[in-house]
Protein chains: 2
Amino acid sequence: MPRLKLTVAYVGTAFAGWQIQAKAPARPRTVQEELEKAVAALTGGHVRVHGAGRTDSGVHAEAQVAHLDLPTPSRPVDWLRAFNALLPQDLSVLAVEKVTEDFHARFSATGKHYAYALWLARCAVPPRLRPFVWECGPLDLPAMEEAALHLIGTHDFASFRNAGTDVETSVRTLRSIQREELSPLHHIWHFQGNGFLKQMVRNLMGLLVSVGRGKTAPAEVPGLLAAQDRTALPSATAPAKGLTLVRVLY
Amino acid sequence: MPRLKLTVAYVGTAFAGWQIQAKAPARPRTVQEELEKAVAALTGGHVRVHGAGRTDSGVHAEAQVAHLDLPTPSRPVDWLRAFNALLPQDLSVLAVEKVTEDFHARFSATGKHYAYALWLARCAVPPRLRPFVWECGPLDLPAMEEAALHLIGTHDFASFRNAGTDVETSVRTLRSIQREELSPLHHIWHFQGNGFLKQMVRNLMGLLVSVGRGKTAPAEVPGLLAAQDRTALPSATAPAKGLTLVRVLY
């Protein structure tokens, strides 16, 4: 059972996220399903594709990682070319590597890097960026950076987890939050950590934007973390379209 | 008649270019028409929007420029907000300025800056870039840069002009051609000049890629220029989707 590691990029706009869903009769379109359809076309049978993690509906990926076990015997295939010939326009396989069976896309991952893109005005966003940024308006950047310092480190992030998962612990290590200024109005906030809870990055960004709008004080952040309760958070979850999974670390 | 200068950005994919077309019954969608529809909704009458130049079907713009004369009297309007509330998702007005009547989007322009994006592989292009790059495969960059040196300067570019216009002269000054490497596979070729003929940038890029593929020698370029005949050019016009109008100079 040769194992393949895939590096996958997608524009999340028209996907109902990573994970295959079972809602009949109208099954929403997912990245995992499109990949499994391509594998089935190439191998002649159903093969499960395991992702490093789920991305939500509308979230993009620059380099998501997945693995799959090929049936044996399997004919020799130029996998990179074959995948890309079959996949839709909003989904590409960027790299295919043969790996040993001790590699697991999810369990071998040591961390993830997400990027959240903001547009610091409420109109006049360049149309090329529109599917990838949150048009949040002007922000108080020093206040946001002060608030971010309270979030970095190892904490119970239960306040930043939306309902719908049953992971055992909500303790995570947020290694860094860094702001990159691509232009005066186009800012990227980078989040790196050992793992992220459901919608955690979008809740972190939502809180930081609330701080940037003067609605939440940086000094309130430690209390919101300590509450360990999503309902304690005064801010909404940031929109999916601004978020991109940049890299999975191994 | 107050005159407004508009700076306009668009994703060209779903536009039949800049210029309004008259083909009934199915009139193709154009940038100029979308802008004139918005102006009509805001002023209550038809007003012509004059562009700095036409862009072809499928070509993008980061900062196209246009002007229009408002009917008088006209009510005070927050033009930037009003335009963007009315325009479709793939077209934005980035700036609106009041200018004097001696400003003309086309005749006042002193030059243009175009960018052409190449992806140096034939598959595995990131889907976010797909609408904006030509997937041309690997290229011999030193040969291309040698060829580009022959193209810079003041020449009769008739060999690089496609049929369909009746401009008086085909002499233009190409001020610079510069390659920017955003990543090993994602290169931007910048073309700056005092003006460009119909599909001239795409024909220049087409020839440079032909050189990069080893099909045309750099030393052939002066002869192709001297021929002053599009049929002398051995290369095809590069695809529209890789081209972006970056800036109009005044």
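Among the residues of the range A:58-79 satisfying the criterion of being modelled with pLDDT under 95 and either of a type in the set (A, V, I, L, M) or in contact with a helix residue (DSSP H, G or I) (Cβ under 7 Å, 6 or more places away or on another chain) (or both), which is surrounded by the most Cβ atoms within 10 Å (Cβ to Cβ)?
Across the range A:58-79, the extreme among qualifying residues is A:LEU70.
Of the conditions (1) within 14 Å of chain B (Cβ to nearest Cβ); (2) of a type in the set (D, E, K, R); (3) buried (at least 21 other Cβ atoms within 10 Å of the Cβ), A:LYS112 satisfies every one except a single condition; which number is it?
(1)
When the residues of the range B:1-18 are narrowed to those that are closer than 22 Å to B:VAL99 by Cβ and not aliphatic (A, V, I, L, M), which ends up nearest to the other protein chains (Cβ to nearest Cβ)?
B:TYR10
Filter the range A:7-24 down to the residues that are of a type in the set (S, T, N, Q) and in a loop (DSSP other than H, G, I, E, B), then identify the one that is nearest to B:PRO126 (Cα to Cα). If you could, list the steps in order and put the result at the bottom.
Step one: of the range A:7-24, the residues of a type in the set (S, T, N, Q) are A:7, A:13, A:19, A:21.
Still in the list and also in a loop (DSSP other than H, G, I, E, B): A:19, A:21.
Details: A:GLN19: 20, A:GLN21: 25 Å.
That would be A:GLN19.
Which of the numbered conditions does B:VAL49 fail, given that it passes all the others? Conditions: (1) β-branched (Val, Ile, Thr); (2) within 14 Å of chain A (Cβ to nearest Cβ); (3) in contact with an Asp or Glu (Cβ under 6 Å, 6 or more places away or on another chain).
Looking at each condition in turn, B:VAL49 falls short on (2).
Which of (1) surrounded by 19 or more Cβ atoms within 10 Å (Cβ to Cβ); (2) in contact with a strand residue (DSSP E or B) (Cβ under 8 Å, 6 or more places away or on another chain); (3) within 28 Å of A:ARG130 (Cα to Cα); (4) hydrophobic (A, V, I, L, M, F, W, C) is the odd one out, the single condition A:LEU225 does not satisfy?
For A:LEU225, the failing item is (3).
I'd like the full set of residues that are within 16 Å of the chain's Cα centre (by Cα) and assigned to a strand (DSSP E or B), limited to the range A:177-200. Before you say what the answer is, go through the steps one by one.
Step one: filter the range A:177-200 for residues within 16 Å of the chain's Cα centre (by Cα), giving A:177, A:188-200.
Passing the criteria: A:ILE177, A:ILE188, A:TRP189, A:HIS190, A:PHE191, A:GLN192, A:GLY193.
Residue by residue through the range A:140-161, note down the ones that are closer than 30 Å to B:GLN89 by Cα and open to solvent by 30 Å² or more (accessible area, probe 1.4 Å).
Selection gives A:ASP140, A:LEU141.
Against the condition closer than 15 Å to A:TYR114 by Cα and charged (D, E, K, R), how does A:GLU180 come out, does it pass? Talk me through it step by step, then tell me what you get.
Values: closer than 15 Å to A:TYR114 by Cα: yes; charged (D, E, K, R): yes.
In short, yes.
Please find, within the range B:80-89, the residue that is nearest to the other protein chains (Cβ to nearest Cβ) out of those that are in contact (Cβ under 8 Å) with a residue 24 or more places away in the chain and either hydroxyl-bearing (Ser, Thr, Tyr) or open to solvent by 30 Å² or more (accessible area, probe 1.4 Å) (or both). It would help to see each step written out before you state the result.
Taking the range B:80-89 as the starting set, the residues that turn out to be in contact (Cβ under 8 Å) with a residue 24 or more places away in the chain are B:82-83, B:86-88.
Next, from what is left, pick out any that are either hydroxyl-bearing (Ser, Thr, Tyr) or open to solvent by 30 Å² or more (accessible area, probe 1.4 Å) (or both): B:86, B:88.
On the way: B:LEU86: 11, B:PRO88: 9 Å.
Only one residue tops the list, namely B:PRO88.
Could you grab me the full set of residues in the range A:85-101 that are closer than 9 Å to A:ARG3 by Cβ and not hydroxyl-bearing (Ser, Thr, Tyr)? Show your work before the answer.
In the first step, residues of the range A:85-101 are kept if they are closer than 9 Å to A:ARG3 by Cβ; the result is A:98-101.
Across the range A:85-101, the qualifying residues are A:LYS98, A:VAL99, A:GLU101.
Identify, by number, the condition in (1) in contact with a Pro (Cβ under 7 Å, 6 or more places away or on another chain); (2) more than 25 Å from B:THR173 (Cα to Cα); (3) open to solvent by 30 Å² or more (accessible area, probe 1.4 Å); (4) not hydroxyl-bearing (Ser, Thr, Tyr) that B:GLU97 doesn't meet.
For B:GLU97, the failing item is (1).
The values are calculated or read from the model by the stated rules, or taken from the named source; none is laboratory data. All figures in this text were calculated on a predicted structure; none of them were measured in a lab. FYI the Cβ positions are ideal-geometry reconstructions off the backbone, even for glycines, and counts take in every protein chain you see. Each accessible area value is taken on the protein alone, full model and side chains, heavy atoms only, with ligands, DNA and RNA left out. Shrake-Rupley method; radii C 1.70, N 1.55, O 1.52, S 1.80 Å.
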